[in-house]
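Everything on this sheet refers to the single structure shown next.
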Amino acid sequence: MRLRMFAAPSLALAAWLVSVPALTAQDVHVKVSPDSKGNTSSSDDFPTIQMAMDHAPDPGPNGRLYLHIAPGTYKERVWVSRRRAHTTFLGTGSDPSQVVITAARTGPTTGGTFFSESVEINGDDFQADNVTFENTAGNTGQAVAIAVSSDRAIFKHCRFLGDQDTLFADFGRQYYVDSYIAGGVDFIFGNATAVFDRSEIHIFRPGYLTAQSRTTAEQTTGYVITNSKVTAENVEGKGFYLGRPWRAYSRGVFMHTELPATLNPQGWQEWKSNAADLAKTFYAEFGNTGPGADTAHRPSWTHQLTAAQAKPFEPAVFLKGSDGWNPVAEAARLP
């Protein structure tokens, strides 16, 4: 059967929608599966994610488009346009490794970093749960797994796999929770207002976890890593750094996070082209644990926060905005 907007689900489809948010008259639910026989004339069943994005019906004014993505490796480039706001990707496997969106694009072969992403998210209020976003190009220069320019975006139980420039957290407020992010150099980068909560950030060669790019002191952007764990391997005895300033007013905060012994004692490093702007950056730490949490050798231009100073960087506060968005509560409603 074909589920169309305003249609009541059959018993079989109801079983398929177990543990997803309640259907409303405004929502549209479609299935994506490598085994699908659907085509561009389908309305609820597609063989690729991009075909679903291009041809699924639009939800109603207060509705959301849900893609229920069956286990499989989806070798495709996916684009969620601005007109596809309020879209949710739900991986239906038992864990995020079973639903993988992957490509092997690189900056040198596609015209630059900003054309190399496997997945590009431009629609506001995007959500993903139980999905892997991957770029398999490896150590070949810039190769983005996902570029996110979405306000009020939520990623829960997701994996982000790449090497250099894995996750381009570019624009808007973004909340990443219970997720895994891996890379080698500057693999969380951009100028979003982003929080990474209860997640693992894994680096596998000498490099930098973050390269945040705030350009003025007035911008509310920055990266907050909290209640998380940083892990490392194969850093060749050279260590690695929490971040370096891609732009003059770069801002990064690590709080309540476990840091490994292989973290360079400096913690943070200048970017040679931005060396004169170090006083304008804001790199701070609070309440971290582990052998890498010793701040005795941190540079003078970094900050150690008090509890009161750390309060504005808590997820529900840092991401609240003028509309009162509560990403923590919203993420809890995802499966």
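Ellipsoid semi-axes for the range 119-223, based on the Cα gyration tensor and the rule √(5λ), read 19, 16, 12 Å when sorted largest first. Can you compute the charge dipole magnitude of the chain about its Cα centre, using +1 on each Lys and Arg Cβ and -1 on each Asp and Glu Cβ, nothing else charged? Give it in debye, rounded to the nearest 20. Here the chain has a charge dipole of around 280 debye. Applied to the range 99-112, the Karplus parametrisation 6.51 cos²θ - 1.76 cosθ + 1.60 on θ = phi - 60° returns per-residue 3J(HN,Hα) values of 10, 10, 9, 9, 8, 10, 7, 10, x, x, 9, 10, x, x Hz, with x for Gly and Pro. Go ahead and set up a Gaussian network model of the chain, Cα springs under 10 Å, then flag whichever of 129, 163, 35 fluctuates most. Maximum among the listed residues: 35. Distance between the modelled labels on residue 140 and residue 82, one decimal in nanometres: 3.2 nm (7 Å Cα→Cβ projection).
Normalising by residue count, the chain has a Cα convex hull of 132 Å³ per residue. Note on the chain: with a GNM built from Cα contacts shorter than 10 Å, the maximum mean-square fluctuation among 147, 211, 261 falls on 261. Convert 37 °C to kelvin, take the viscosity as 0.692 mPa s, use the Kirkwood radius over C-alpha pairs of the range 187-272 as Rh, and evaluate the Stokes-Einstein diffusion coefficient in µm²/s, rounded to a whole number. Taking Rh from Cα pairs, D becomes 252 µm²/s. Estimated at the nearest 10 Å², the accessible area of residue 238 is 130 Å² with a 1.4 Å probe.
Site pair residue 58 and residue 238 shows an inter-label distance of 5.1 nm when each label is modelled 7 Å from Cα along Cα→Cβ. Sequence-ordered 3J(HN,Hα) estimates for the range 212-227 from the Karplus curve with 6.51, -1.76 and 1.60 and θ = phi - 60° stand at 7, 10, 4, 10, 9, 5, 7, 5, 8, 7, x, 10, 10, 10, 9, 6 Hz, glycine and proline given as x. Comparing 157, 55, 202 in a Gaussian network model of the chain (Cα springs below 10 Å), the most mobile by mean-square fluctuation is 55.
Percent of Cα pairs in the range 224-335 per distance bin of 10 Å, from zero to the largest separation: 13, 39, 34, 13, 1. Taken over the chain, lysine pairs spaced eight or more positions apart, or on distinct chains, with alpha carbons under 22 Å apart number 12.
Counting only heavy atoms of the protein chains and using a 1.4 Å probe, residue 295 has close to 50 Å² of accessible surface.
Solvent-accessible surface of the chain, taken per residue with a 1.4 Å probe and all protein chains present: 40 Å². Length available on full extension from residue 200 to residue 272: 0.36 nm per residue minus the Cα-Cα distance, which gives 23.1 nm.
Taking every protein chain into account, the 1.4 Å probe leaves residue 36 with about 20 Å² of accessible area, to the nearest ten.
With 0.36 nm allotted per residue and the present C-alpha distance subtracted, the residue 326-residue 305 stretch has 5.2 nm of extension available. Expressed as a whole percent, the accessible surface of the range 217-265 that belongs to carbon and sulfur atoms is 44, based on a 1.4 Å probe.
The values are calculated or read from the model by the stated rules, or taken from the named source; none is laboratory data. Note that this is a predicted model, so its numbers are computed, not measured. Positions of Cβ are generated from backbone atoms using ideal geometry, with glycine treated the same way; all protein chains shown enter the neighbour counts. The accessibility values were calculated without ligands, DNA or RNA, using every heavy atom of the protein model including side chains. Shrake-Rupley method; radii C 1.70, N 1.55, O 1.52, S 1.80 Å.
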